[in-house]
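Some notes on the structure that comes next.
Please treat every number below as a calculation from the coordinates, not as lab data. What you are looking at is a predicted structure, and each value in this text was computed from that prediction instead of being measured. Please note: Cβ atoms are built from the backbone with ideal geometry, for glycine as well, and neighbour counts cover all protein chains shown.
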Amino acid sequence: MITDQDISVHNEQKFKVHSSEIQHLETKLQDKGFDVKNIISDLARFQVAIPSWALGTGGTRFGRFPGGGEPTSLEEKIADVGLLHKLNASSGAISLHIPWDIPENTNQLIALAKEHNLAFDAVNSNTFQDQPNAEVSYKFGSLCHIDPGIRKAAVDHNKEVIRIGKELDSKALTIWLADGSTFPGQHNLRGALQRTHESLASIYDDLPEDWKLLLEYKPYEPNFYSMVIPDWGTSFLLVSKLGEKARTLVDLGHHLPNTNIEQIVAVLMSESKLGGFHFNDSKYGDDDLTVGSLKPYQMFLIFNELVDGMRNTQNPEISWMIDASHNLKDPLEDLLQSVEAILIAYAQALIVDRKSLALAQEKNDVARAQEILQDAYRTDVRPLVAAARMQSGAALDPISLYRSAEVRSRLVKERGLHAVATGL
Ligand code: AOS
Ligand code: ZN
Ligand code: ZN
């Protein structure tokens with residue numbers, strides 16, 4: 001839908017303003033001792049996976065208002081992520097959710113993904129819904145279930161997801177559990193944790209050598225009294241028991257209000273246990289809104305820890321993914337906004353004057369430390385992000401090209417106004 005030709009015409013139109021902006025920024029950053037070329041290459045390398053379930057219109061329990069042209073097959077989902085990646089060169093992977101996504105012809109899928117320069121990111125299991133004709137019900141939990149038969153079904157499902165992921169050359173399994181209890185007394189809290197550990201250990205046994213197991217946590221929802229893995233500490237405990245390949249996944253929406261997420265990042269990285277990220281933004285809970293739409297300063301502070309940790313700890317490479325739901329906006333535009341917000345936060349963190357910050361910390365110069373952080377945060381780094389895109393052959397301004405190329409109306413024409421994304 002978007003050709004190289006479209007991109008170069010677009011970039012030519014935008015180039016004049018862009019080059020004066022980047023020159024201005026370059027002068028400023030050079031003066032502070034930064035090598036702008038390095039920053040741009042770091043940004044260009046950064047890839048954020050797109051979840052297959054974010055490509056259709058999301059909703060709440062009160063309704064869904066689809067906008068049309070949604071992908072109705074896994075092939076169309078891959079095409080949509082390919083489109084994003086063509087526009088921003090930063091969305092080079094798709095994350096599948098089984099059984100929402102059932103790969104039928106794996107070879108064909110692999111070829112299609114290759115055509116779009118996409119990799120298959122972490123595969124996600126689903127034991128939080130009962131599938132039609134399923135022999136067991138997860139109403140009262142899955143990996144924690146009191147009934148060994150149901151636990152086994154949930155474990156087997158995860159093993160099946162690993163098998164599918166291996167065929168696609170995925171390298172990680174992400175587990176999010178809805179397991180918990182809604183009323184006091186419903187669970188023996190220690191028992192539920194113990195059974196979950198045993199089930200996870202059995203899944204871990206099947207994990208290939210070069211894979212990771214990423215374990216999410218969440219304090220509430222769907223269970224409102226206790227979740228079996230409510231917080232980073234419980235996830236950390238479990239992944240530590242499981243072994244080297246198991247790590248904690250931080251989903252930004254999975255914290256109680258005002259939690260210091262950047263500190264969680266710092267602690268996990270210092271123990272080499274930060275495995276992955278689900279990016280989104282929120283005001284109240286797991287709102288799954290566009291990254292950076294509400295708390296961009298928090299995003300920056302998180303990336304400040306990430307950059308510091310990536311340089312100064314042994315924490316292995318982290319899987320980056322968006323986990324959002326698009327209720328009002330065109331999902332593709334929303335995802336472009338999210339990826340942009342992630343890269344902006346990363347760029348801001350890359351221009352923190354770390355030497356001076358360490359010095360200020362040494363001297364307990366609190367005001368200076370804040371000045372240093374906020375100087376980076378208040379710099380308009382968007383030209384750096386745009387330069388990284390252009391360097392990779394993508395668009396200086398992806399959303400404006402997406403709109404001028406009238407992508408959505410072409411998708412509606414192709415797929416129909418009432419096309420409903422699979423898996424929703
Ligand atoms: C749920 O709250 C989690 O964030 C999961 O990552 C979940 O699997 C995903 O959002 C798909 O529903
Ligand atoms: Zn998540
Ligand atoms: Zn979530």
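Quick look at the values:
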{"read-out": "Under the span-like rule (Cα at least 27 Å along the axis, Kyte-Doolittle mean at least -1.0), DSSP H helices of the chain", "value": "148-168, 331-350"}
{"read-out": "Pairwise FRET efficiency - residue 152 versus residue 241, Cβ, R0 = 22 Å, nearest 0.05", "value": "0.65"}
{"read-out": "In the stretch 22-101, the chymotrypsin sites (Phe, Trp or Tyr not before Pro) that fall in loop regions by DSSP, at most 13 other Cβ within 10 Å", "value": "62"}
{"read-out": "Principal axis box of the stretch 353-400, alpha-carbon based, largest edge first, Å", "value": "45, 17, 9"}
{"read-out": "Cα gyration tensor category, rounded, prolate or oblate, for the stretch 7-47 with a/c compared to 1.5", "value": "oblate"}
{"read-out": "Inter-label distance, nm, simple model (7 Å from Cα along the C-beta direction), residue 115/residue 271", "value": "4.6 nm"}
{"read-out": "Three-way shape label, the stretch 200-261, alpha-carbon gyration tensor, a/c 1.5", "value": "prolate"}
{"read-out": "Where a label projected 7 Å from the Cα of residue 358 along Cα→Cβ would reach, residues of the stretch 246-272 with amide N under 20 Å", "value": "266-267, 269-272"}
{"read-out": "Largest-first principal axis extents of the Cα set of the chain (Å)", "value": "65, 61, 41"}
{"read-out": "Electrostatic dipole magnitude of the stretch 47-342 [Cβ: Lys, Arg +1; Asp, Glu -1; Cα centre; debye, to 20]", "value": "600 debye"}
{"read-out": "Under-5 Å amide H pairs with residue 73, H placed in peptide plane, nonlocal only", "value": "422"}
{"read-out": "Pairwise FRET efficiency - residue 106 versus residue 314, Cβ, R0 = 51 Å, nearest 0.05", "value": "0.90"}
{"read-out": "Given 86/212; 171/241; 152/245; 159/245; 16/86, the pairs whose alpha carbons are separated by over 18 Å", "value": "86/212; 171/241; 152/245; 16/86"}
{"read-out": "Ratio of the Cα radius of gyration of the stretch 173-236 to 2.2 N^0.38 Å, where N counts its residues", "value": "1.17"}
{"read-out": "The chain: calculated mean residue ellipticity at 222 nm from DSSP helix runs of at least 4, using -39500 (n - 2.57)", "value": "-15500 deg cm²/dmol"}
